[in-house]
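Read the figures in this text as sums done on the coordinates, not as results from a lab. Owing to the predicted nature of the structure, the values given are computational and were not obtained by experimental measurement. Backbone-built Cβ (ideal geometry, glycine too); neighbour counts: all protein chains shown.
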Ligand code: SF4
């Protein structure tokens with residue numbers, strides 16, 4: 001829009017007039033309005049950011065949409081003594097794991113994917129097929145690389161001929177996940193230890 005000098009003076013006069021009335025304590029009705037907040041009717045629950053081991057607390061707002069719950073907002077929880085309402089850039093983007101611009105994230109992997117040796121593409125497989133494959137690989141690898149006992153070394157660093165039970169495999173590594181709950185992480189650790197796995201890490205430390 002092009003403003004003539006006369007238009008500009010009129011607008012400036014109106015602005016000054018409004019400013020003067022406000023200064024005199026005369027309240028004018030607010031003319032501007034915004035759309036309703038998308039979280040106005042949402043159910044709020046607390047959550048924990050799943051990206052790293054800091055464990056910042058979040059407030060998750062969920063709306064019912066087409067009979068299904070839909071997360072519409074995730075923000076920092078001001079009542080948390082860990083993050084006092086703040087979230088880092090990863091935490092702020094947590095919602096994008098599920099939704100981008102209000103639509104389901106098409107990149108989200110929801111089914112087990114398998115890439116055969118030598119293949120450059122992934123194929124979808126069933127959960128039972130995936131679990132069978134993993135169990136078979138774990139057993140093969142563990143059996144082939146089982147360390148039943150270790151030598152006890154003498155002060156000179158040479159084996160004394162005495163042995164000590166080792167019961168471990170060094171051929172399997174385990175990477176846990178911040179996506180697991182406390183209980184899930186505990187069970188994961190138990191499972192790995194019971195298999196004799198000693199290289200147990202967590203993705204937030206990598
Ligand atoms: S990724 Fe960021 S927001 Fe999430 S727990 Fe870690 S520090 Fe907190």
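Subtract the Cα-Cα distance of residue 92 and residue 151 from 0.36 nm times their separation in residues, and report this length gain in nm to one decimal. If you can, show how the numbers build up before the last one.
Details: separation 59, 0.36 × 59 = 21.24 nm, distance 5.14 nm.
Fully extending the segment from residue 92 to residue 151 adds 16.1 nm.
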Potential extension, residue 131-residue 180 segment - 0.36 nm per residue separation minus Cα distance | 15.8 nm
Any idea what the relative contact order of region 113-205 is, in percent, if you count C-alpha pairs under 8 Å spaced at least 6 apart?
-> 21
Any idea how far apart residue 79 and residue 39 come out in nm if each label point goes 7 Å out from Cα toward Cβ?
-> 1.4
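Would you please give the FRET efficiency between residue 163 and residue 191, computed as 1/(1 + (r/R0)^6) with r the Cβ-Cβ distance and R0 = 35 Å, to the nearest 0.05? Could the numbers behind the result be given before it?
Details: r = 27 Å, r/R0 = 0.77.
Rounded to the nearest 0.05, the efficiency is 0.85.
Cα-based Rg of region 48-162 per 2.2 N^0.38 Å, rounded to two decimals?
Values: Rg = 23.7 Å, N = 115, 2.2 N^0.38 = 13.4 Å.
Ratio of Rg to 2.2 N^0.38 Å for region 48-162: 1.78.
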Against the 2.2 N^0.38 Å rule of thumb, the C-alpha Rg of region 43-104 sits at a ratio of 1.11
